[in-house]
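Read the structure below first, then the notes.
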Amino acid sequence: MNNENSVAETGMFGEFGGSYLPEDLKKVLAVLAEEFEKYRDDPDFNEEFRYYLKEYVGRENPLTFAKNLTDKVGGAKIYLKREDLNHTGAHKINNVIGQILLAKRMGVKRVIAETGAGQHGVATATACAMFGMECIIYMGKVDIKRQALNVFRMELLGAEVVSVDKGQGRLKDAVDAALNDLVENFENTFYLLGSAVGPHPFPTMVKHFQSVISEESKRQIIDKEGKLPTAVVACVGGGSNAIGAFAHYIEETDVRLIGVEPAEAATMSEGVPAVIHGFRCLTLLDEHGEPQPTNSIAAGLDYPGVGPEHSHLKTIGRAEYVAVTGEESLEAFQELSRVEGIIPALESSHAIAHAINLAKTLAKDDVIIVNLSGRGDKDVDQVFQMLKE
Ligand SMILES: *Cc1c(COP(=O)(O)O)cnc(C)c1O
């Protein structure tokens, strides 16, 4: 496994991760890495983090036994870790609160972020409103048009949404614009990254703040079942909810860790090692060696790269990664709604779809934990349109 010291210093997970950036940006992120190391185990910092997770996010959230689904599938017991019940409806807020508190400790009052689908932008704008921080969200011109409601939400919350017209007007161009802003304004600006991707220290930092998911679920499953789960299943976009759901089980080698990606953006199954957005990971490249446009029905999973630690966990064989189609996840979206009265996010529906298939192959005393990364209210209109067709 990783030597923790070397990860803290270099951000390398085996051959993946690191920081492939111009010198000026590298310096800015080296300072961020130092500040993070200073506070990650600081009792006062952690007390403040726990306070907001409890009072603002609504943690701890339940680990719900999906009895109806379990009975219907007729195999392993299926439990749902309820990130969908968090304030703002998904796991993203855990990381946002952690990073904003770090910004606060660093004395920074201006927060920038980039967003594609808008979900990370909304989570960031939410926390900035509460902490009284200036909030600037970079978003590609094309994405702004597609996600008009999320743009309105961010503006309601007091954020400024900056349209990026360069390039294709998509997420990649928004990332470039945010990095440029950071280089120019590093003295008073914090770049708040939304997934377990990007250059060091982001993958390590995002995992740290999201690992509250498995810290809770481990305690909860031992409480309910008196043992560890057979498998933990989570969907993988950039990989933040999955790495948070896996974190406290990585050393428990009897627990299977399964990441589920969309077949339409199957980075782990079909990607090759390459550097994108300043870090090395498994990634989907086109014939020109550029990141390939992906096409998942779940906007939050539509990313051609994946977190470096997932790339590493796959390479060393500690975690498994499978692909599920949009059609299968649409089925699972409806199934969970019907039998449990829980409408899952389309992203999370990928994990549900695989858990259903997996449960059938396991025994009745096996236990599966599915990380229900978010609620599906945001997707109802899209599903309505898709089912009509
Ligand atoms: C953003 C998002 C994801 C994908 O991001 P990860 O970093 O891979 O977790 C998954 N589920 C939901 C509900 C999301 O909003």
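Read the figures in this text as sums done on the coordinates, not as results from a lab. Note that the coordinates shown come from a computational prediction; the quantities given were computed from them, not determined experimentally. Here the Cβ is made from the backbone with ideal geometry for all residues, glycine too, and neighbour counts use every protein chain on show.
Residue-by-condition table, conditions (1) of a type in the set (Asp, Glu); (2) under 19 Å from GLY194 (Cα atoms); (3) out of contact with any Asp or Glu (no Cβ under 7 Å at 6 or more places or on another chain):
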{"residue": "ILE258", "(1), (2), (3)": "no, no, no"}
{"residue": "PRO273", "(1), (2), (3)": "no, no, no"}
{"residue": "CYS281", "(1), (2), (3)": "no, yes, yes"}
{"residue": "HIS288", "(1), (2), (3)": "no, no, yes"}
{"residue": "ASN295", "(1), (2), (3)": "no, no, no"}
Checklist entry - touching an Asp or Glu at 6+ places or on another chain (Cβ under 7 Å) and either small (Gly, Ala, Ser) or surrounded by 14 or more Cβ atoms within 10 Å (Cβ to Cβ) (or both) - does that describe any residue in the range 11-31? => result yes
Next on the checklist: List the residue pairs whose Cβ atoms are under 6 Å apart, where the first residue sits in the range 364-375 and is over 14 Å from PHE333 (Cα atoms), the second is aromatic (Phe, Trp, Tyr), and the two are 6 or more positions apart or on different chains.
Outcome noted: ILE369/TYR79
Item to check | Wholly enclosed helices (runs of 4 or more DSSP H) of the range 1-67 bearing at least 2 residues within 25 Å of GLU252 (Cβ to Cβ) and not basic (Lys, Arg) | outcome: 4-10, 43-52
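Have a look at MET106, MET133 and point out the one that is farther than 17 Å from GLY89 by Cα, surrounded by fewer than 18 Cβ atoms within 10 Å (Cβ to Cβ) and either small (Gly, Ala, Ser) or touching a Phe, Trp or Tyr at 6+ places or on another chain (Cβ under 9 Å) (or both).
MET106
Can you tell me which residue among LEU80, LEU69 is within 16 Å of the ligand (Cβ to nearest atom) and closer than 23 Å to ALA231 by Cβ?
On the way: LEU69 fails: within 16 Å of the ligand (Cβ to nearest atom).
One residue alone meets the criteria, LEU80.
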Checklist entry - Residue check: is VAL383 within 16 Å of the ligand (Cβ to nearest atom), crowded, with 16+ Cβ neighbours inside 10 Å and over 21 Å from the mean Cα position of the chain (by Cα)? => result yes
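Using the structure shown, decide if ASP381 is acidic (Asp, Glu) and outside any loop (DSSP other than H, G, I, E, B). So that I can check it myself, show each step before the final result.
Details: acidic (Asp, Glu): yes; outside any loop (DSSP other than H, G, I, E, B): yes.
So ASP381 passes the test.
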Checklist entry - Picking from HIS200, HIS120, HIS208, which residue would you name as being in contact with a Gly (Cβ under 9 Å, 6 or more places away or on another chain) and closer than 23 Å to ASP381 by Cα? => result HIS120
Next on the checklist: Against the conditions (1) farther than 30 Å from ASP143 by Cα; (2) within 15 Å of the ligand (Cβ to nearest atom), where does THR315 fall short? Just the number, please.
Outcome noted: (2)
Checklist entry - Could you say whether any residue in the range 317-330 is of a type in the set (Lys, Arg), free of Cβ contacts under 8 Å to residues at least 40 places away in the same chain, at negative phi and surrounded by fewer than 23 Cβ atoms within 10 Å (Cβ to Cβ)? => result no
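Would you confirm whether any residue within the range 173-188 is within 16 Å of the ligand (Cβ to nearest atom), part of a loop (DSSP other than H, G, I, E, B) and touching a residue at least 60 places away in the same chain (Cβ under 8 Å)?
Within the range 173-188, none of the residues are within 16 Å of the ligand (Cβ to nearest atom), part of a loop (DSSP other than H, G, I, E, B) and touching a residue at least 60 places away in the same chain (Cβ under 8 Å).
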